[in-house]
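The values are calculated or read from the model by the stated rules, or taken from the named source; none is laboratory data. If you're wondering where the values come from, they're calculated on a predicted model, not measured in any experiment. Cβ placement follows ideal geometry from the backbone for every residue including glycine, while neighbour counts extend to all protein chains displayed. With ligands, DNA and RNA removed, areas are computed over all heavy atoms of the protein, side chains included. Shrake-Rupley method; radii C 1.70, N 1.55, O 1.52, S 1.80 Å.
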Amino acid sequence: MESGLKYLSNEVYSDPRVHWLDNPDIRPYVYKRKQFRIENPGQRFSGNKLTWFDKEPIVKNPQNMDEVDFTDQILRLENKVFDKINLSMPRWVFYDCAIMPGIIVGYAIKKKSASAKILQIVEPQPHSEWVPLSLFIIIPTLVPGEWVAHNLSSINSALSEPERFYGLGFISKAFGLWYANIEVCCGMTQWTSPAIKLHSHYGDMEILTAYTPAHTYAQTLTYRVKVSAESWPCFFAKDSPLHFHSKYRATALEVDRKDDKSLLRLQRLLERGEERYFLSAAEINSQPLDSKLKIYHPI
Ligand SMILES: CC(C)(COP(=O)(O)OP(=O)(O)OC[C@H]1O[C@@H](n2cnc3c(N)ncnc32)[C@H](O)[C@@H]1OP(=O)(O)O)[C@@H](O)C(=O)NCCC(=O)NCCS
């Protein structure tokens, strides 16, 4: 029997490193207030024959007092992984800016199957059945079909190599995009963050801002992707997303991610609004996090 990650399109793609996806004690979760209903989860991607999300998610309501332990655990996980970069989320931000306008998804493991290290990070209550391993927050915007990715956290960054769940961060975001049938996803990340490798693989990555002084870190990249599940397996196969080079041409421009002057130059070009600027996911994935990146225009 095949195990691990399977992706059926024209070919079968499987990745045994993602064996945890088959573990019956690990399930996706959806944490949302009861007024939010997503019609036909995954319907937008039905043509892709994705088999990643066959398991029924655990659905929880963050406004039920009895579920507050799940909020506590999510915040402990988030604070642990974001503390290193000084961007951890205050509790009120989680309530006001995530629970109220958006949905939170991720993967959770049965407490009885969680390692001592995981339990030490999230500190579940004695009565908790499920322990979160990741979270992805998505919030709808005023543009129809367009959502903003507000937070992606994976416990992997707090675990040692043998304990990690390979692909957890990537698949958690893919699950949220799939579940809510999201067409367009914007987001924010720092140019040299490892997360840029993940964010660039959900669809072609358009640059909206290259230098963002309105953010805590001006070296923040704001991006937009038209979500396409076709490119998701490329993240694991380390391939170029399908058809990228037939849709985009490299320009003479390069961005030096470590150099504010380079980011500012690109930002000024973006503000002129004459062209659209894209990044290559394959290039991002295959190069060190501080390497220069080519800029592409649609053909
Ligand atoms: C960024 C984050 C969500 C990635 O999740 P993850 O579960 O660790 O990553 P996945 O297992 O899904 O993917 C692994 C791949 O991601 C990339 N990656 C993850 N961490 C990396 C790191 N520290 N350095 C370089 N690449 C890294 C690599 O491409 C890796 O694949 P490879 O080992 O085959 O090259 C997680 O590290 C995290 O929570 N970080 C702290 C919070 C954060 O920065 N969030 C994103 C804000 S925009």
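Quick look at the numbers
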item	result
Charged-residue dipole, Cβ positions (Lys, Arg, Asp, Glu), the chain about Cα centre, Debye nearest 20	180
Amide H contacts under 5 Å for ASP204, placed H, 5+ residues apart	LYS226
Estimated D of segment 184-299 in µm² per second, where Rh is the Kirkwood radius over Cα pairs and Stokes-Einstein applies at 10 °C, 1.306 mPa s	113
Calculated SAXS-style log₁₀ I(q)/I(0) at q = 0.11, 0.17, 0.20, 0.23 Å⁻¹ - segment 148-234, Debye, Cα scatterers	-0.31, -0.73, -0.96, -1.17
Euclidean distance of C-alpha centroids, segment 103-127 and segment 278-299, integer Å	36
Helical mean residue ellipticity (222 nm; -39500 (n - 2.57) per DSSP H run of 4+; nearest 500) of the chain	-6500 deg cm²/dmol
Beta bridge orientation in the chain: antiparallel %, DSSP, nearest 5	85
Whole-Å distance, taken between Cα centres, linking segment 61-87 and segment 168-228	21
Mean accessible surface per residue for segment 1-182, computed with a 1.4 Å probe while every protein chain stays in place, in Å²	49
Longest exposed-site-free window of the chain, the sites being GluC sites (Glu not before Pro) in a DSSP loop that have at most 13 other C-beta atoms within 10 Å	130-273
Amide H contacts under 5 Å for HIS150, placed H, 5+ residues apart	ILE137, ILE138, ILE139
Backbone HN-Hα couplings from phi across segment 99-115 [Karplus 6.51/-1.76/1.60, Hz, Gly and Pro as x]	5, 5, x, x, 10, 10, 10, x, 10, 10, 10, 4, 4, 5, 9, 7, 6
Convex hull volume per residue for the chain, taking Cα atoms only, in Å³	138
